[in-house]
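S.K.: Sharing a structure with you now.
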Amino acid sequence: MKFVKTVNAPETPWSRAFFLLFNEKGHLLVEKKNDTCVGLPCFDNAFAKDLTLRQENFLGFCDSTPCYCAGLNDGNLPGQYQWHNLRALFPQMEPEFWEVIGYAKQINDCHANNKFCGKCGKKTEQETNEHARTCHQCNLTFYPRISPAIITAVVKEDTLLLARGINFPNKKMFSVLAGFVEPQERLEDCVKREVFEETGIKVKNVSYFDSQPWPFPDSLMVGFTAEYEGGRLSIDPKEIAEAGWFTADRLPLVPGKPTLSGELIHWFVKTQKKKD
Ligand SMILES: [Zn+2]
C-alpha cells in the first residue's frame, strides 16, 4: 500500500474511503479481521455519512482510496470495530500502515488541540491549503506540533550504555538513553547534555544514525551513536532507575527492531560481531 499525502480532496464522489478515527483518549478505531489481525476501517459512503465525526480532514490516498482522519465519540459501532491503544498497536502494524496512522494522529491532534488561540482565546479557523489552524485576530497559525528528541547508543570499548527509565512500564526493560531537545540547542549538544545529566558520562564523536517519527504524542526521534570520553556512572534518580555497560552477548531485555532504540542496539550487536 502506498500512501500519498495531499490536502486536495477528491473532486468526484467516492464509494469507499479509509477513516482514521480517534476517540477522546487518543485511541484508534480498528477493524478486527480475525483473532490476530486488525486493519484500518474502510467505510462506504452511506456508512460514513451516518457517523457524527469531529474535525474531519482529508489526508491523501492509500493507493487510490481516499483517506480521512477525524474525532469520533465512543458509541454504538458494529462489533468488528474496536478502539485500540496506539502505542500497543505499533509493533503489530506494517510500516506502510504506520505511516498513515502516525500522520493521521498528528493531524487530528493539531485540530483537536488548537480549536482556540493560545494568545487571545478566540476560535481558530482551519486552513484550506495546509494542515494548520489560524487565529485571524492575532495572525497566528498553529501547525501540527513536532517535538524533537535525541536517542543515542553510547559505546565504551566492547560495551553499550543501557539504562532503565523510572517510567518504563516493563521493570526489566533497558534501553539506550533518550531526551527532548531544548530551545536553541544543537542535536549533538543535546546528546552530550542528556547523557551527562542522566548518567554522569561524557561522550565524543557524536554521529547521526537515523530518525523515526514517534507520534506518542508528537516526537521526532533523532538517533545518534557516540563514544565514551570519560566519567563514572552516576545516575539521575529522577529519571533513571538503573544503568550499566553491557556486552553484546549479555544484553538485558531490550526493545525490538521496529523502534529506533531497537535499531541502535541491533547496530551495536552487529558491529561487535564484525570485530570477532
Ligand atoms: Zn488570537
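S.K.: Lys123: more than 18 Å from Tyr68 (Cα to Cα), within 24 Å of the chain's Cα centre (by Cα) and of a type in the set (Lys, Arg), yes or no? So that I can check it myself, show each step before the final result.
M.R.: Details: more than 18 Å from Tyr68 (Cα to Cα): yes; within 24 Å of the chain's Cα centre (by Cα): no; of a type in the set (Lys, Arg): yes.
Answer is no for this residue.
For every residue, the table says whether it meets (1) crowded, with 17+ Cβ neighbours inside 10 Å; (2) assigned by TED's automatic domain parsing to the domain that holds Gln106; (3) of a type in the set (D, E, K, R); (4) over 25 Å from Pro144 (Cβ atoms).
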residue	(1), (2), (3), (4)
Leu161	yes, no, no, yes
Lys204	no, no, yes, yes
Ala226	yes, no, no, yes
Val269	no, no, no, yes
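S.K.: Which condition number does Asn76 fail, the rest of (1) within 26 Å of the chain's Cα centre (by Cα); (2) loosely packed, with under 11 Cβ neighbours inside 10 Å being met?
M.R.: Of (1) within 26 Å of the chain's Cα centre (by Cα); (2) loosely packed, with under 11 Cβ neighbours inside 10 Å, only one is false for Asn76: (1).
S.K.: Of all residues in the stretch 95-111 being in contact with a Gly (Cβ under 9 Å, 6 or more places away or on another chain) and not acidic (Asp, Glu), which is farthest from the ligand (Cβ to nearest atom)?
M.R.: Phe97
S.K.: May I ask you to say which residue of Asp236, Asp210, Asp218 is assigned by TED's automatic domain parsing to the domain that holds Val155 and touching a residue at least 60 places away in the same chain (Cβ under 8 Å)? Give the steps one after another, and end with the answer.
M.R.: Details: Asp236 fails: touching a residue at least 60 places away in the same chain (Cβ under 8 Å); Asp210 fails: touching a residue at least 60 places away in the same chain (Cβ under 8 Å).
Checking each option against the conditions leaves just Asp218.
S.K.: Applying the selection to the stretch 112-149, what residues are within 16 Å of the ligand (Cβ to nearest atom) and either hydrophobic (A, V, I, L, M, F, W, C) or assigned to a helix (DSSP H, G or I) (or both)? Break it down into steps so the answer makes sense when it comes.
M.R.: Our first condition is that a residue be within 16 Å of the ligand (Cβ to nearest atom); within the stretch 112-149, this holds for 113-127, 132-143.
Result: Asn113, Phe116, Cys117, Cys120, Ala132, Cys135, Cys138, Leu140, Phe142.
S.K.: Within the stretch 177-200, how many residues are under 19 Å from Pro213 (Cβ atoms) and touching an Asp or Glu at 6+ places or on another chain (Cβ under 6 Å)?
M.R.: Number satisfying all stated conditions: 1.
S.K.: Check Pro95 against each of (1) within 19 Å of the chain's Cα centre (by Cα); (2) surrounded by fewer than 16 Cβ atoms within 10 Å (Cβ to Cβ); (3) modelled with pLDDT of 95 or more; (4) not aromatic (Phe, Trp, Tyr) and name the one condition it does not meet.
M.R.: That leaves (3) as the condition not met.
S.K.: Moving on to the next point. Within the stretch 255-276, can you find the residues that are in contact (Cβ under 8 Å) with a residue 60 or more places away in the chain and in contact with a Gly (Cβ under 7 Å, 6 or more places away or on another chain)?
M.R.: Pro255, Gly256, Leu260, Leu264
The values are calculated or read from the model by the stated rules, or taken from the named source; none is laboratory data. All values derive from a computational prediction rather than experimental measurement. Neighbour counts run over all protein chains shown; Cβ positions are idealised from the backbone, glycine included.
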